[in-house]
Each structure stands twice: as structure tokens, then as C-alpha cells.
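Have a look at the structure below, then the notes.
The values are calculated or read from the model by the stated rules, or taken from the named source; none is laboratory data. Treat the numbers as computed from the prediction; the structure is a model and nothing was measured. As a convention, Cβ positions derive from the backbone with ideal geometry for all residues, glycine included, and neighbour counts pool all protein chains shown. Side chains are part of the model used for accessible areas, which takes the heavy atoms of the whole protein and leaves out ligands, DNA and RNA. Shrake-Rupley method; radii C 1.70, N 1.55, O 1.52, S 1.80 Å.
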Amino acid sequence: MGEPLNHARQLFDLTGRTAIVTGGAGYLGSAIAEALAELGASVVITSRDANKASAAAAGLPVSGSARHAGLGYDQSIPQSAASCIDAASRLAGPVSVLVNNAHDRTTSDWTSVTPEEFARDLGNVTSAFSLARAFHSHVLQRAGEGSVINVGSMYSLVGSYPEVYQGTAASPVSYHAAKGAIAQLTRHLAVYWAKDRVRVNCLCPGPFPFPNADDALVERLNHRVPMGRVGAVWEVKGAAAFLASDASSYVTGQQIVVDGGWTAW
């Protein structure tokens, strides 16, 4: 006999499913894409640079008959959202998981950010909504189920410590505004789409600085984390796997925070 349908191992199995990970060639995006591929999903990585997306997809592990692909997609053009979903479906099969990870951010802080820069950062919310809405339509058309994972931040929940970012542009006000909006967008869509069997959740990473981040900044971040260290990139994989799979089948409208305790202070 096989495993029962609610066996924990089976709940996390993504075999036969297709996931889109926007910005999947980036730092956190690549870890999320890898996690879904390791669980058997076909993964379509998007990037404004189609070659970069294809290279990242080619490096993913392949399980069984999974098909990975890279796709050129500029999320700053919301009108192209439906074509992105259609293209991904043609490349790798009907899409059941959407990870809204890509974020085109400004580095200007509150003292210097221009209205145009602020609007560009908030445009990421529009892009996430447009792609999620196109995904929702795709799921309804095939009478399936879907999971949207909007990537927020610990700053979807709390403000930053000014002294941590002194002398850097790592915590711009428009980024905070956009990530806060992503969390509220998640709650709104989750309520409206629950009847359609489309779950919407928000994955909120804490301090995951790039490997080339300034050592002094990393040390200041370490000091503010209850666990005493910043996150290793692989530590987002478990939460992403949970939200993408049937392991979270009764979870929607939630923020899953992976921050070493930062927001618990």
C-alpha cells in the first residue's frame, strides 16, 4: 500500500505541479526555486534578462519528468502578466504555484527619494497584483487549485532600527511602504479568492544580506537578531516549500516570518 494522502512526506510533494518564481535568478529567489524543484515541481524562472532566467533554470535539479524553463518577463509592464502565465503554462504545464518574488527597488532613503522613485517601488505591488490576478484566472479556467506566495519582508510588519542602516541605503522608505502593501494585498486577495480554491500567503524573510554585504552592516544586523546571526539563504526554503504544497492546504491570508526572531522583540 502507498502512503496515506495525509502522510507528511506526501503533503510536501510537488511532483506534477508547475511553479513560477519571478526573480528566480536572484539571491532569495534562486533558493526558493531550488526548493520547489527539489520537491518535484517544474519551475519556470522569470527575469527581465531571458538568458539569465534560462541559465538559472538549467541549474535546477530535475526530478522525474519535471521540466524547468527560463522566461523573459518585465514585471514593470503589468499588461504582460497574462502572457507570462500563458507562456509558462506552454513551457512546463498548467501553473499551480506563483511566487511573486521579483522586486525592482530604489536605494534612495527618505531624505532624497523622488516621487518618481517612490512610485517605482510601489509599482512592484501593482505588478504582484497583476500577475496574481492573471494566475487566479488561469486556475479558474482549468478548475484547479492554486497557491500564491507573495514575498514580503520583516518590514511588512515592523519599522527598522535607524542605527543599523546608518551610512547605508539598505532600508529605503519606499521599500518599507511597498512591502507593507504586499502584506495587506495578501490578506485582501486571500479572503476574496478562498472560495475559488486559490490560497494567498506572504513569505516574510528577515535579515538575509547578500554575501558581499558590508561586514559592519552585517554585524549590526546580527546584534538586533535574537538568534544572534543573519539568515543563511537556504533557510527560506522550508517556509517556501510549506506554502507551495498541500502541507499548508488550510493556510491562507497569513504572513510566515523567517527572521531569527527579529520581529519578536
Would you mind getting the accessible area per residue of the chain, heavy atoms of the protein chains only, 1.4 Å probe, in Å²?
47
Across 242, 210, 135, the residue with the highest GNM fluctuation in the chain (Cα network, 10 Å cutoff) is 210
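Pairs of alpha-carbon atoms within less than 8 angstrom and 6+ residues apart define the contacts here; what relative contact order does the chain have, in percent? Don't skip to the end; give the middle numbers.
Details: 536 pairs, mean separation 50.3, N = 265.
Relative contact order here is 19 percent.
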Roughly speaking, to the nearest percent, how much of the chain's 1.4 Å accessible area is carbon and sulfur?
55
Filtering the chain for DSSP H helices with an axial alpha carbon extent of at least 15 Å and a Kyte-Doolittle mean of at least 0.0 returns 27-38, 81-92, 173-193
Taking the stretch 185-251, the whole-percent share of alpha-carbon pairs separated by over 18 angstrom is 53
Taking the chain as a Gaussian network, where each spring joins two C-alpha atoms under 10 Å apart, which residue of 136, 176, 223 fluctuates the most?
223
Whole Å is fine, so just give me how far the alpha carbon centre of the stretch 210-264 lies from that of the stretch 189-203.
22
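Rg(Cα) of the stretch 90-137 divided by 2.2 N^0.38 Å? Can you show the working numbers first?
Numbers: Rg = 14.6 Å, N = 48, 2.2 N^0.38 = 9.6 Å.
After normalising by residue count via 2.2 N^0.38 Å, the value is 1.53.
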Percent relative contact order of the stretch 1-129, based on C-alpha pairs within less than 8 angstrom and at least six residues apart?
24
Mind listing the long-range amide H neighbours of residue 107? Cut-off is under 5 Å, sequence gap 5 or more, other chains count too, H placed in the peptide plane at 1.01 Å from N.
none
Of 109, 13, 215, the most mobile residue in a GNM of the chain (C-alpha springs, cutoff 10 Å) is 215
Which residues' amide hydrogens lie under 5 Å from the amide hydrogen of residue 198, considering only partners 5 or more residues apart or on another chain, with H built in the peptide plane?
146
With mean projected area of the Cα convex hull in nm² defined as stated, name the option among (i) 14.4; (ii) 16.2; (iii) 12.4 computed from the structure displayed.
(i)
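Sorted by average packing, counted as other Cβ atoms within 10 angstrom per residue and highest first, what order do 30-38, 156-164 take?
Details: 30-38: 23.7, 156-164: 15.0.
Taking the mean over residues of other Cβ atoms within 10 Å, the ranking is 30-38, 156-164.
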Whole-number percent relative contact order across the stretch 134-212, with pairs defined as alpha carbons under 8 Å at least 6 apart
47
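Can you give the Kirkwood hydrodynamic radius of the stretch 1-114 from its Cα pairs, in Å with one decimal? Provide the component values of the computation, followed by the final result.
Values: mean 1/r = 0.0673 Å⁻¹.
Kirkwood hydrodynamic radius for the stretch 1-114: 14.9 Å.
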The stretch 6-66 to the stretch 89-141: how many Å between their Cα centroids?
18
Residue-averaged [θ]222 nm for the chain, counting only DSSP H segments that reach four residues, each worth -39500 (n - 2.57):
-12500 deg cm²/dmol
